[in-house]
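Q: Just dropping this structure here.
The values are calculated or read from the model by the stated rules, or taken from the named source; none is laboratory data. Note that the structure is a prediction, hence the values are computed from the model and not measured. All Cβ positions, even for glycine, are placed from backbone atoms using ideal geometry, and neighbour counts span all protein chains on display.
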Amino acid sequence: MPRVAVIGAGITKFMRRSLETGKELSYEASTMALDSAGLTLRDIQCVCNGTAPDAFDGLHMKGEYLLDGCGGYGKPYMRSYVGGGTGVFTPIQGWYHVASGLFDTCLVVCEEKMSTCRPHPQGAFLTIFDHTTERPLGPNLLWIFALEMNRYMTTYGINKRDIALVSVKNKKNAMDHPSAQLPMEITVEDVLNSEVMAWPVQRLDVSPTSDGAAAVVLASETVARKLTDKPVWIEGVGWNLDTSYWTDKDLYFPRYVEKAARMAYTMAGIREPKKEINIAEPYDPFDYKELHHLEGLLLCDKGEAPRITADGVTQRTGTMPVCPSGGLLGVGNPIAAAGLMKVCELFWQLRGEAGKRQVPGTPMKGVAQAWGDLMQVGTVVVMGRDKVKPKGTRRGRGPRPRGSAG
Amino acid sequence: MGIVGIGRTPATPLSPGRSYKELVFDAAVRAYHDAGVEPKQIDSFVPCSEDFLEGTSIFDEYTPDQLGAMLKPVHTISADGLFGIAAACMQILTGRFDLVAVEAHSKASNIVDKEEIDTLALDPVYNRPLGLHPHFILGLEMARYCHETKTTPEDCAGVVVKNRMNALGNPHAPYGGRLTLEDAVRSPLVSDPLREADVSRTADGACVVVLASVPAAKRLRKDSVWITGIGWASDAPSLETRGWGTALYATSAGAMAYRAAGIKHPRTAFDFLEIDDTASYKELQHIESLGVCRKGEARRLLRNGDTRRGGKLPVNPSGGSLGMGHLLEATGLYRLAEAVEQIRGTAGSRQVRRARTGLVMSWRGVPTATGAVAVVEA
């Protein structure tokens, strides 16, 4: 099985973008990713697209619509979909495109445009519930996540103050992210005093809806070695989908995230994730989800995530930085693009190119994770860099490097 | 990759009293039984669906239970089932998966207005304000195809007659019928030159296919059918910038699949084709675009009777979408299942003689220019 590397990444600014279509956002992110890899579209053999519900844009077959913006014209192009988990799943889809040996290069593009959904994207989410048993009740996402947050807090006796620390940390981290939508310096008190949406969820516990796109370029080992001295390897992938009947399970722990994480760690040869993972980018659409997911990712014991957060372990300067990007809480949550943003962040961090966001030391391995559907799906990617800088070779066939990045 | 299990429900115009979950469960049980496996042995699952056709957003939420796939690697591909097969093949080729199940279904009878949903796939800025009905777009393409290849609407009607006749022998097909050319040519005009009989009607059904790595397939059964080539491609998504006479997506997807299967001469390589016939002319256009004959020659094959079930190169012995009904995203899987039965020699009264190598192709429908191709061999 060929190893697969990330060799380029690009991301648009996350914000309400009424002037651009989804195609244009996709184009912007794809072009940035290709430029950073020193490639043109001609060097790309296949394209993978990820984008969340069609209902946001009122577009049937949204993947087909985005096709040319993503560079899929005339190429094998496929859209995968796992709800909120899509952003981290699409690079997994790209991984199997390349790891299968069928392709040497793959462009992975995730786009989301939520602002077209008026008056608010929550309206689209009304249609995700079971048409017979749930939809008549008129539930929305804030309600069901409030249930989950409550269950998590009750199980371990966690208070809102512990959880608010995540929001404070991530929004502050986002101050250094040029794409960020909600970078803020706030205090725990600000979170606790913000508007109550559905108890215990308050306004500052939640990530903002957003528009944006992100893209990465994947390459097989042979091609990656020719194009860059700093490939970042996709060392492990995992995904897992739990039952649709979310009302039948205990919400205190995301068992599907654990299963996905174990699949990825096994593939990456990681036995002790707590010690071996240097940076984590877990999915944080709500502040409690970062904690929930740290436990699901086996990066701390069950119920321990609030403690390591309070101890500063997860700060950017801590021993295991979590969401150094600023996460969804700070950078924004254009659903599929937000997941891929996390993979982009690991790429930059592991190459030492994250600028002001760069974590100290020399991180070797990172994990990115997304979550979605009805508290149901976990998608996990483990990425790592080379231990020793390999000598660059420029022999053999393959896409020719262009520009300075080659 | 070997196909070790297929399961499908008979396609029906309506399926009152059965939900999509029950249809999928039915198909899954048949497929697992056919493969001789339990769902817990399967490493990964690939359902294929589009939200708007289901009337549910983030439809992948509702895929795992009826497949026995809870707490397993499951991801949806938003495309025809044949794209799901491509995804499954790639997963197996990584060497990390032995058994992968692909699912797709149609509950078209639940859709109030399928054509209105199709119009929501049009570019919202440039095309949607024009109020283009999907049948109008088909008619426009049919006119262009007929013009470029000197095919007549009567030739296209011949496809309808053939496929509806083939469907009579297929227990899975609800639209079998003994039509005359007159019947087809006299059916009401939908969008000149497209007539009502030229367009496939929808049907309900579910299909599950179990794929296996080479060692697993050899272990599970002696008569595995092998996928030796798979390809998929997209032409321009905008109506204005694509060629309307040739289906370039079929040409590119075919080339990719042929390369993998080592097929140099598609004209002589296949014993039968199971290809898209969403509308009658698409069958002819796809035969040509897939390189099975030269452009403009498909009508001759049809007139000579070569594409009949007993002909030199049977096309759509299942009855195709005209005879089986268009099964939305399950269309490609039903065709693949048919190809497997033909190659296994279990197709009963619709059996094609010496069926050893088949070509399966699907198209994503109006307004897309996206298709997938699989080469299957004994």
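Q: Among the residues of the stretch A:147-198, which ones are surrounded by fewer than 17 Cβ atoms within 10 Å (Cβ to Cβ), under 20 Å from the mean Cα position of the chain (by Cα) and outside any helix (DSSP H, G or I)?
A: Correct list: A:Pro178 only.
Q: Moving on. Can you name the number of the only condition in (1) surrounded by fewer than 24 Cβ atoms within 10 Å (Cβ to Cβ); (2) touching a residue at least 12 places away in the same chain (Cβ under 8 Å) that B:Asp306 fails?
A: Failed condition: (2).
Q: Looking only at the stretch B:40-51, decide whether some residue is under 21 Å from B:Leu336 (Cα atoms) and among the basic types (Lys, Arg).
A: No, the stretch B:40-51 contains no residue that is under 21 Å from B:Leu336 (Cα atoms) and among the basic types (Lys, Arg).
Q: Is it the case that B:Glu297 is charged (D, E, K, R) and buried (at least 24 other Cβ atoms within 10 Å of the Cβ)?
A: It is false that B:Glu297 is charged (D, E, K, R) and buried (at least 24 other Cβ atoms within 10 Å of the Cβ).
Q: If I go through the stretch B:106-135 residue by residue, how many of them are over 22 Å from the mean Cα position of the chain (by Cα), part of a helix (DSSP H, G or I) and more than 10 Å from every other protein chain (Cβ to nearest Cβ)?
A: Of the residues in that region, 2 qualify.
Q: Condition (residue is of a type in the set (Gly, Ala, Ser), out of contact with any strand residue (DSSP E or B) (no Cβ under 8 Å at 6 or more places or on another chain), part of a helix (DSSP H, G or I) and more than 29 Å from B:Glu54 (Cα to Cα)) applied to the stretch B:184-195: is it met by at least one residue?
A: No, there is no match, as no residue in the stretch B:184-195 is of a type in the set (Gly, Ala, Ser), out of contact with any strand residue (DSSP E or B) (no Cβ under 8 Å at 6 or more places or on another chain), part of a helix (DSSP H, G or I) and more than 29 Å from B:Glu54 (Cα to Cα).
Q: Turning to a different aspect of this structure: Picking from B:Ile58, B:Ile77, which residue would you name as being more than 17 Å from A:Thr243 (Cβ to Cβ) and either facing another protein chain (nearest Cβ under 7 Å) or surrounded by fewer than 17 Cβ atoms within 10 Å (Cβ to Cβ) (or both)?
A: Working: B:Ile58 fails: more than 17 Å from A:Thr243 (Cβ to Cβ).
Answer to the check: B:Ile77.
Q: Tell me, which residue of the stretch B:48-84 that is in a helix (DSSP H, G or I) and of a type in the set (D, E, K, R) is nearest to A:Ala55 (Cα to Cα)?
A: In this case the residue turns out to be B:Asp51.
Q: Going through the stretch B:17-42 one residue at a time, which ones are part of a helix (DSSP H, G or I) and of a type outside the set (A, V, I, L, M)?
A: B:Tyr20, B:Lys21, B:Glu22, B:Phe25, B:Asp26, B:Arg30, B:Tyr32, B:His33, B:Asp34, B:Pro39, B:Lys40, B:Gln41
Q: Limited to the stretch B:82-99, what total is found for residues that are in contact with a Ser or Thr (Cβ under 7 Å, 6 or more places away or on another chain) and either modelled with pLDDT under 95 or more than 7 Å from chain A (Cβ to nearest Cβ) (or both)?
A: Going through the stretch B:82-99 one residue at a time, the tally reaches 4.
Q: Quick check: is even one residue across the stretch A:6-16 away from chain B (no Cβ under 14 Å), under 30 Å from B:Ser213 (Cβ atoms) and touching a residue at least 40 places away in the same chain (Cβ under 8 Å)?
A: Yes, the conditions are met somewhere in the stretch A:6-16.
Q: Right, next: Would you be able to say whether some residue in the stretch A:73-82 is at the interface with chain B (Cβ under 9 Å from one of its Cβ atoms), in a loop (DSSP other than H, G, I, E, B), at pLDDT 95 or above and surrounded by 24 or more Cβ atoms within 10 Å (Cβ to Cβ)?
A: yes
Q: Right, something else. Looking at (1) touching a helix residue (DSSP H, G or I) at 6+ places or on another chain (Cβ under 7 Å); (2) facing another protein chain (nearest Cβ under 9 Å); (3) in a helix (DSSP H, G or I), find the lone condition where B:Phe45 falls short.
A: Failing condition for B:Phe45: (3).
Q: Only residues that are of a type outside the set (A, V, I, L, M, F, W, C) and in contact (Cβ under 8 Å) with a residue 24 or more places away in the chain: list them for the stretch A:109-122, please.
A: A:Glu111, A:Glu112, A:Lys113, A:Ser115, A:Thr116, A:His120, A:Pro121 - these are the residues of the stretch A:109-122 that are of a type outside the set (A, V, I, L, M, F, W, C) and in contact (Cβ under 8 Å) with a residue 24 or more places away in the chain.
Q: Within the stretch B:303-316, is even one residue in a helix (DSSP H, G or I) and closer than 25 Å to B:Ala157 by Cβ?
A: Yes, the stretch B:303-316 contains a residue that is in a helix (DSSP H, G or I) and closer than 25 Å to B:Ala157 by Cβ.
Q: Could you please let me know if B:Gly332 is surrounded by 23 or more Cβ atoms within 10 Å (Cβ to Cβ), out of contact with any Lys or Arg (no Cβ under 9 Å at 6 or more places or on another chain) and within 14 Å of chain A (Cβ to nearest Cβ)?
A: Judged against the criteria, B:Gly332 is a match.
Q: On to the next question. Within the stretch A:109-145, how many residues turn out to be in contact with a Leu (Cβ under 6 Å, 6 or more places away or on another chain) and either under 30 Å from B:Ile230 (Cβ atoms) or among the small types (Gly, Ala, Ser) (or both)?
A: Total satisfying the criteria: 2.
Q: Checking the conditions here, which among A:Lys230, A:Lys289 is more than 13 Å from chain B (Cβ to nearest Cβ), in a helix (DSSP H, G or I) and either in contact with a strand residue (DSSP E or B) (Cβ under 8 Å, 6 or more places away or on another chain) or more than 20 Å from A:Thr314 (Cα to Cα) (or both)?
A: Working: A:Lys230 fails: in a helix (DSSP H, G or I).
Just a single option satisfies the conditions, and that option is A:Lys289.
Q: Just give me the residues in the stretch A:104-146 being within 26 Å of A:Glu24 (Cα to Cα), at the interface with chain B (Cβ under 10 Å from one of its Cβ atoms) and part of a loop (DSSP other than H, G, I, E, B), in sequence order.
A: Across the stretch A:104-146, the qualifying residue is only A:Thr116.
Q: Of the conditions (1) modelled with pLDDT of 95 or more; (2) more than 20 Å from A:Phe14 (Cβ to Cβ); (3) out of contact with any strand residue (DSSP E or B) (no Cβ under 7 Å at 6 or more places or on another chain), A:Leu299 clears all except one; give me its number.
A: Looking at each condition in turn, A:Leu299 falls short on (3).
Q: Restricting attention to the stretch A:246-262, and to residues there that are in a helix (DSSP H, G or I) and buried (at least 22 other Cβ atoms within 10 Å of the Cβ), which single residue is nearest to the other protein chains (Cβ to nearest Cβ)?
A: Restricting to residues being in a helix (DSSP H, G or I) and buried (at least 22 other Cβ atoms within 10 Å of the Cβ), the top hit is A:Tyr256.
Q: Let me ask something else. Given the residues A:Leu59, A:Leu67, which is the only one that is at the interface with another protein chain (Cβ under 8 Å from one of its Cβ atoms), out of contact with any helix residue (DSSP H, G or I) (no Cβ under 7 Å at 6 or more places or on another chain) and either of a type in the set (A, V, I, L, M) or surrounded by fewer than 24 Cβ atoms within 10 Å (Cβ to Cβ) (or both)?
A: Numbers: A:Leu59 fails: out of contact with any helix residue (DSSP H, G or I) (no Cβ under 7 Å at 6 or more places or on another chain).
Exactly one residue qualifies, and that residue is A:Leu67.
Q: A:Thr40 - would you say it is surrounded by fewer than 24 Cβ atoms within 10 Å (Cβ to Cβ), more than 28 Å from B:Gly55 (Cα to Cα) and free of Cβ contacts under 8 Å to residues at least 24 places away in the same chain?
A: Spelling it out, it is not the case that A:Thr40 is surrounded by fewer than 24 Cβ atoms within 10 Å (Cβ to Cβ), more than 28 Å from B:Gly55 (Cα to Cα) and free of Cβ contacts under 8 Å to residues at least 24 places away in the same chain.
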